[in-house]
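Worksheet: the structure to be examined is printed underneath.
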Amino acid sequence: MTKRVYAGSAGAFDERRNTSRVFAVPPDALPNALRILEAGRGQPWYAWIVKRARGEHDHAAARADGSRAACPVQTCTEPLDP
């Protein structure tokens, strides 16, 4: 069985992959994103993101519903605290 490879110019629209479609960003996208992040300060999900960026472990992290969240360190193999 032979696999086909499709190659096109950078500006050509390739209907098979839809790689050349460009969508305009709404002008209020950045202010809205910053407003959402500002509102999230102090929330558990925000603290989890900050800890992940810093590489800090948090095995007691919890989700909004009270269930356990994964350790922010992606490569952490330590078991969760009981």
Q) Hey, does segment 57-76 have a residue that's part of a helix (DSSP H, G or I) and not aliphatic (A, V, I, L, M)? A) no
Residue hits (segment 47-65; touching a helix residue (DSSP H, G or I) at 6+ places or on another chain (Cβ under 8 Å) and exposed (fewer than 12 other Cβ atoms within 10 Å of the Cβ)) are ALA64
Filtering segment 66-76 down to residues that are touching a Lys or Arg at 6+ places or on another chain (Cβ under 8 Å) and surrounded by 12 or more Cβ atoms within 10 Å (Cβ to Cβ) yields ALA69, PRO72, VAL73
Looking across segment 61-82 at residues that are of a type in the set (A, V, I, L, M) and touching a strand residue (DSSP E or B) at 6+ places or on another chain (Cβ under 8 Å), the single one that is farthest from ARG41 (Cα to Cα) is LEU80
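Here, each number is a calculation from the coordinates, and none is a lab measurement. Keep in mind that what you see is a predicted model, and the values were worked out from it rather than measured. All Cβ positions, glycine included, derive from the backbone under ideal geometry; neighbour counts span all protein chains shown.
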